[in-house]
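Here's the structure we're looking at; comments come further down.
The values are calculated or read from the model by the stated rules, or taken from the named source; none is laboratory data. Keep in mind that what you see is a predicted model, and the values were worked out from it rather than measured. Here the Cβ positions follow ideal geometry from the backbone for every residue, glycine too, while neighbour counts run over all protein chains shown.
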């Protein structure tokens, strides 16, 4: 009888630990997949935007936008953001700040 009383809490602890481990793995997978999509988006866009004149002309304004935390916007930057969003479907969900950083990375 004492063996059953000891085994039951031990079994419950193992089950709870397994559930926590699965939750941690699922959360880690979500973060890794999001990071992978972000990196793939950035590398794809960076390699293809170097030929876009409207984007290269907005580089100085993108630097000001990033440095100001998004407070300073210019017409060239707005045109470049619009071009990126129309050219790349992935860019439609990216923030203006992320796209400005991509422009600077080229």
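Against the test of being in contact (Cβ under 8 Å) with a residue 24 or more places away in the chain, more than 21 Å from the chain's Cα centre (by Cα) and in a helix (DSSP H, G or I), the options 62, 79, 91, 100 yield a single qualifying residue, 79. Here is a check on your reading of the model: is residue 56 out of contact with any helix residue (DSSP H, G or I) (no Cβ under 7 Å at 6 or more places or on another chain) and in contact (Cβ under 8 Å) with a residue 40 or more places away in the chain? Yes, satisfied. Reported count of residues in region 82-103, each being farther than 14 Å from residue 64 by Cα and in contact with a helix residue (DSSP H, G or I) (Cβ under 6 Å, 6 or more places away or on another chain), is 7.
Taken residue by residue, region 35-44 has at least one member that is at pLDDT below 85 and surrounded by 16 or more Cβ atoms within 10 Å (Cβ to Cβ).
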